[in-house]
Amino acid sequence: MKEVEFAVSSGIISFPTIPMAKEVVVPDEPFVIGEELDHVRLITLNRPRHLNIISSKVVSLLAEYLEKWEKDEQAALILIKGAGRAFSAGGDLKMFYDGRKSKDSCLEVVYRMYWLCYHIHTYKKTQVALVQGISMGGGASLMVPMKFSVVTEKTVFATPEASIGFHVDCGFSYVLSHLPGHLGEFLALTGARLNGKELVAAGLATHFVPLEKLPELEKRLISLNSGDEKAVKSTIEEFSLNMQLDEDSVLNKKPIIDECFSKGTVADIIKSFEAEASKEGNGWIGPLLKGLKRSSPTGLKITLRSIREGRKQTLPECLKKEFRLTMNILRTSISADVYEGIRALTIDKDNAPKWDPPVLDQVGDEKVDLVFQPFQEDLELKIPEQEQCRWDGKYENSAYAN
């Protein structure tokens, strides 16, 4: 298996790069396993060799299972986990790159994923994510919105999309913008990684359970055979630990983060971060600052605006906005940086992207405005407005399919 080396400010993250369009389905190796165990439903992301990458097939299966079980009176508790050492490393960058010369080659999977994200956030049954390892980008969208999300000492979270000319998506312009202070801007712009303890402290996960106890917890939840939130919470708490943050955790640097990432523009954020980096005891800023300066100027500006808008938007509004941003970015409406970023980091691996424009002050606000413009109404992502129709709006019933 090839892997993408996804450069972020705090290090190198490896992502699988098996293109969705070229997947080979092995009959005895389903991408997603759905099990019905009395009143419990268990979803296993089942591509461990590929870090449980989210493909078009995975999105379709997840949507199928979740709709079926929400409507099933016998289903009370939904568990989701990943096989192997990862929960999910997210979507596939190479898929986007392979489709760069074909008009809207990824539109269907993008539409389906953002539509699914709404239903995960608003699901009517009790959900528990058992997150044993990597949970990044779109993969983290299967963890963070759950009623209960259990992480371990091996869990690694990040949203590093801005560094390659993309933006934080899958509902994260909503999630990150609602974190305390300006932590959301910090995570979105730097791609900084958080461990399990930090995820609980930041409110992005609910419980920390040692990895060795996770299989036993899963068995107990299955034997509980109930979706009663108090009972589920009590069961998880039997296994969970109250962990103290490491002394050098970025979450202990919150005053500096809030001061720097509250600035009005990306340029001012970087300038403020530089000033703090020169002070004694702030060596932790160096790698993050280096990553910021290496990132796509266009990606950074789009991401900052998206997070800032997210503070005043509902979840449906954020998802509709993210759909527009994704499609406009993939259509190279104002820049082809996303393809250049993927090329430099995953195709040629020269780690020397040539951004266009190359510097922040050449990315005009009027250009950024273009990717945020609403689509014609029938071409927007369809988020159902009425509860009785909440599973309407599927891609196959959209103007795109027709």
(message) Anything in segment 35-51 that is under 21 Å from residue 140 (Cβ atoms) and either surrounded by fewer than 21 Cβ atoms within 10 Å (Cβ to Cβ) or modelled with pLDDT under 95 (or both)? List them, or say none.
(response) 42, 44, 46, 47, 48, 49, 50, 51
(request) Looking for whichever is modelled with pLDDT under 95 and within 27 Å of residue 198 (Cα to Cα) here; the options are 129, 89, 83, 140. Which one fits? (result) 89
(message) Quick check on my filter: what residues within segment 26-81 are of a type in the set (Val, Ile, Thr) and out of contact with any Ser or Thr (no Cβ under 9 Å at 6 or more places or on another chain)?
(response) 26, 43, 44, 59
(request) For residue 384, work out the one condition from (1) at pLDDT 95 or above; (2) under 17 Å from residue 111 (Cβ atoms); (3) more than 21 Å from the chain's Cα centre (by Cα); (4) buried (at least 16 other Cβ atoms within 10 Å of the Cβ) it doesn't fulfil. (result) (1)
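So, restricting to helices (runs of 4 or more DSSP H) that lie completely within segment 297-402, which ones have at least 2 residues that are touching a Gly at 6+ places or on another chain (Cβ under 9 Å)?
Numbers: elements: 297-310, 315-330, 337-342, 365-372.
Fully inside segment 297-402 and qualifying: 297-310, 315-330, 337-342.
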(request) Kindly check whether there is at least one residue in segment 116-125 that is outside any strand (DSSP E or B), among the polar types (S, T, N, Q), under 17 Å from the mean Cα position of the chain (by Cα) and farther than 19 Å from residue 398 by Cβ. (result) yes
(request) Considering (1) buried (at least 22 other Cβ atoms within 10 Å of the Cβ); (2) under 22 Å from the mean Cα position of the chain (by Cα), say which one residue 273 fails and leave the rest. (result) (2)
(message) For segment 352-367, check the following and say yes or no: at least one residue is surrounded by fewer than 21 Cβ atoms within 10 Å (Cβ to Cβ), farther than 19 Å from residue 93 by Cα, hydrophobic (A, V, I, L, M, F, W, C) and touching a Lys or Arg at 6+ places or on another chain (Cβ under 8 Å).
(response) yes
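Would you list the helices (runs of 4 or more DSSP H) that sit entirely within segment 185-251 and hold 1 or more residues that are crowded, with 19+ Cβ neighbours inside 10 Å, among the basic types (Lys, Arg) and touching an Asp or Glu at 6+ places or on another chain (Cβ under 9 Å)?
196-202
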(request) Could you check, for segment 146-160, whether at least one of its residues is farther than 30 Å from residue 339 by Cα, part of a loop (DSSP other than H, G, I, E, B) and under 16 Å from the mean Cα position of the chain (by Cα)? (result) yes
(request) Can you confirm whether segment 305-315 contains a residue that is more than 23 Å from residue 265 (Cβ to Cβ) and not basic (Lys, Arg)? (result) yes
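Take the conditions loosely packed, with under 13 Cβ neighbours inside 10 Å and either over 24 Å from the mean Cα position of the chain (by Cα) or closer than 30 Å to residue 366 by Cα (or both) and apply them to residue 280. Does it pass?
Spelling it out, residue 280 is indeed loosely packed, with under 13 Cβ neighbours inside 10 Å and either over 24 Å from the mean Cα position of the chain (by Cα) or closer than 30 Å to residue 366 by Cα (or both).
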(request) Give the residue, chosen from 332, 346, 314, 326, that is hydroxyl-bearing (Ser, Thr, Tyr), loosely packed, with under 13 Cβ neighbours inside 10 Å and more than 22 Å from residue 261 (Cβ to Cβ). (result) 314
(request) Identify, from the list 289, 315, 319, 300, the residue that is under 17 Å from the mean Cα position of the chain (by Cα) and farther than 22 Å from residue 113 by Cβ. (result) 300
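Given the criteria at pLDDT 95 or above and not polar (S, T, N, Q), does residue 110 qualify?
Taking the combined requirement at face value, the residue satisfies it.
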(message) Looking at segment 112-145 only, could you name the residues that are of a type in the set (A, V, I, L, M, F, W, C), over 29 Å from residue 341 (Cβ atoms) and surrounded by fewer than 24 Cβ atoms within 10 Å (Cβ to Cβ)?
(response) none
(request) Evaluate segment 224-238: report whether one residue or more is more than 22 Å from the chain's Cα centre (by Cα), under 22 Å from residue 89 (Cβ atoms) and touching a residue at least 12 places away in the same chain (Cβ under 8 Å). (result) no
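The values are calculated or read from the model by the stated rules, or taken from the named source; none is laboratory data. What you see is a predicted model, and the numbers here were worked out from it, not measured in a lab. Positions of Cβ are generated from backbone atoms using ideal geometry, with glycine treated the same way; all protein chains shown enter the neighbour counts.
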